[in-house]
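J.: This is the structure I have questions about; it appears just below.
The values are calculated or read from the model by the stated rules, or taken from the named source; none is laboratory data. Note that this is a predicted model, so its numbers are computed, not measured. Quick reminder, even Gly has a Cβ in these numbers, built from the backbone with ideal geometry, and neighbours come from all protein chains shown. All accessible areas refer to the heavy atoms of the entire protein, side chains included, with ligands and DNA or RNA removed. Shrake-Rupley method; radii C 1.70, N 1.55, O 1.52, S 1.80 Å.
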Amino acid sequence: MSNRISEEKTEMIYRQFKLVFFLFVIVPIVLLVLFIEFRFRSFEAGIPPQEPSARDDARMEIDVMPWHPVEGQRLYVPAYSHVYHQEGEPYFLTVTLNIRNTDVEHEIVVTSVRYFDTGGKELRSMLKKPLKLAPLAATEFVIERNDKTGGSGASFIVEWKAGTEVNQPIVETVMIDTRGQQGISFIASGVVLSEGNEE
């Protein structure tokens, strides 16, 4: 008899505990979520609509273009035939020189692509004759990984011309190696040495 009374008492205490837990834990959490949702919606409704140009600081009207069209350039482009790692050991890379005509209407002519080593000595010319690039066309020149003549400070001198003022091409090198489970890749951009279309 006493065992039965004890079980009923335990069950009653358990029910009371569940009720208290529901009232003091679950209900406040639900009310808090509803309150936050209501506050968020009222805050969102209070924000006045704006034009895209007024809220986007990255878009702005300018009076002068940040670049200028040119008729030709001589560019210096870094090329890393290898980089150093671990205890100063050379890590050999494949180098791709990429030249992209960014003008949508006019062609350009690549007149010279020369490859130099770390000491500044010209190793070879990559062009036998001038190369015409149509609007938005691109070309590339590859220095293979096993060509170690350039060294860590290798470079290209690229010259191009156009018959009229055109958008400047993008000239850059991509260095990459994917041996084993690890790889390395990075890009270097060309630097303008001179501009114009002088013969």
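J.: Can you compute 3J(HN,Hα) from phi for each residue in the stretch 21-27, using the Karplus curve 6.51 cos²θ - 1.76 cosθ + 1.60 with θ = phi - 60°, rounded to whole Hz and x for Gly and Pro?
T.: 4, 5, 6, 9, 10, 5, 4
J.: If you roll a 1.4 angstrom probe over the protein chains with everything in place, what fraction of the accessible area of the stretch 94-141 belongs to carbon and sulfur, to the nearest %?
T.: Exposed carbon and sulfur together represent 50 percent of the surface.
J.: If you don't mind, another one. Looking at the stretch 76-136, I'd like the Rg to Rh ratio, where Rg is from alpha-carbon atoms and Rh is Kirkwood's inverse mean 1/r.
T.: Here Rg/Rh amounts to 1.11.
J.: Something else about it: When the chain is fully extended, how far beyond the present Cα-Cα distance does Glu144 get from Ser112, taking 0.36 nm per residue of separation?
T.: 9.5 nm
J.: Tally Lys/Arg at +1 and Asp/Glu at -1 over every other residue whose Cβ is under 9 Å from the Cβ of Ser112; what's the total?
T.: Once all neighbours under 9 Å are counted, the net charge is +1.
J.: Once the Cα gyration tensor of the stretch 62-199 is found, what semi-axes does its equivalent ellipsoid get, as square roots of 5 times the eigenvalues, in whole Å, sorted largest first?
T.: 30, 16, 14
J.: Considering only the other residues whose Cβ falls under 11 Å of the Cβ of Val191, what net charge follows from Lys and Arg at +1 and Asp and Glu at -1?
T.: Taking every other residue near Val191 into account, the sum is 0.
J.: Okay, next question. Could you name the lysines whose alpha carbon sits less than 28 Å from that of Lys9, not counting residues in the same chain fewer than 8 places away?
T.: Of all the lysines, those that pass the test against Lys9 - Cα under 28 Å, at least 8 places apart if same chain - are Lys18.
J.: Report the Rg/Rh value for the stretch 122-192, based on alpha-carbon coordinates and the Kirkwood definition of Rh.
T.: 1.00
J.: OK, next. Give the accessible surface of the stretch 76-199 per residue, rounded to a whole number of Å², with probe radius 1.4 Å and ligands, DNA and RNA excluded.
T.: Per residue, the stretch 76-199 has 57 Å² of solvent-accessible surface.
J.: With θ taken as phi - 60° and the coefficients 6.51, -1.76 and 1.60, list the Karplus ³J(HN,Hα) couplings across the stretch 129-145 in order, rounded to whole Hz; mark glycine and proline as x.
T.: Along the stretch 129-145, the couplings run 8, x, 10, 8, 10, 5, x, 6, 7, 9, 9, 8, 9, 10, 9, 5, 4 Hz.
J.: Would you please give the FRET efficiency between Arg39 and Leu19, computed as 1/(1 + (r/R0)^6) with r the Cβ-Cβ distance and R0 = 45 Å, to the nearest 0.05?
T.: 0.95
J.: Once the Cβ-Cβ distance between Glu89 and Phe186 is put in as r, and R0 is 25 Å, what FRET efficiency do you end up with, to the nearest 0.05?
T.: 0.85
J.: Toward the positive end of the charge dipole of the stretch 100-162, about the Cα centre and with charges on Cβ (Lys, Arg +1; Asp, Glu -1), which of Asn101, Gly120, Ala134 goes farthest?
T.: Gly120
J.: Another question, then. How large is the dipole of the stretch 142-194 about the Cα centre if only Lys and Arg carry +1 and Asp and Glu carry -1, each at its Cβ, rounded to the nearest 20 debye?
T.: 160
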